[in-house]
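Take a look at the structure set out below.
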Amino acid sequence: MIESKEAFKEIYPALIEGRYSSDSDGSLMKWIQESNPTFDIASAANLYDELVVVIESNRKEFFIEQQKLIDLKRENDVLLNTFPGTWFLDSDPIEITIIESEYTKEVFATGEENDIKIY
């Protein structure tokens, strides 16, 4: 480890001198190309478009799953409370938890979701 450290101390000044000295053309280090990353607006816009599609599809999937739970509970309640189910079935009704916020309560009440803000 100490030998490699000493060897680096010997080589490093010569490398830097070859690159940055005023009397040198810098040919020793011409194989290194410096480059700064660029920001491609078009691919960033495409990425955001794809992100919006994924978010919207997941929201739809969540909404569909919530509707399935509501339908399952309704069917279970109908089966337990109507003839002939009242004679043969004796069980507790299914309890479901609907996840909602103030905004989703309004959406469920009106049945419309028009003001979608992704950002």
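All of the numbers you see were taken from the coordinates with simple rules; none came from a lab. From a predicted model like this one, the values you see are computed outputs, not experimental measurements. Because the Cβ atoms are built from the backbone with ideal geometry, glycine has one as well, and the counts that use them run over all protein chains shown.
For the reader, a short list of remarks on this structure follows.
- Sum of side-chain charges, residue 71 neighbourhood, beta-carbon under 14 Å (Lys, Arg +1; Asp, Glu -1): 0
- Model label points for residue 14 and residue 38, set 7 angstrom from Cα along the Cα-to-Cβ axis, are 3.8 nm apart.
- Restricting attention to the range 38-119, the count of lysine pairs at 8 or more positions apart or across chains with alpha carbons under 18 Å apart stands at 5.
- The range 95-111 - phi-based ³J(HN,Hα) in whole Hz, Karplus 6.51/-1.76/1.60, Gly and Pro as x: 9, 10, 10, 8, 8, 8, 10, 4, 5, 5, 4, 5, 5, 5, 5, 8, x
- The local environment of residue 95, defined by Cβ-Cβ distances under 14 Å, has a net charge of 0 under the rule Lys, Arg +1 and Asp, Glu -1.
- R0 of 30 Å, Cβ-Cβ distance residue 89-residue 58: FRET efficiency to nearest 0.05: 0.25
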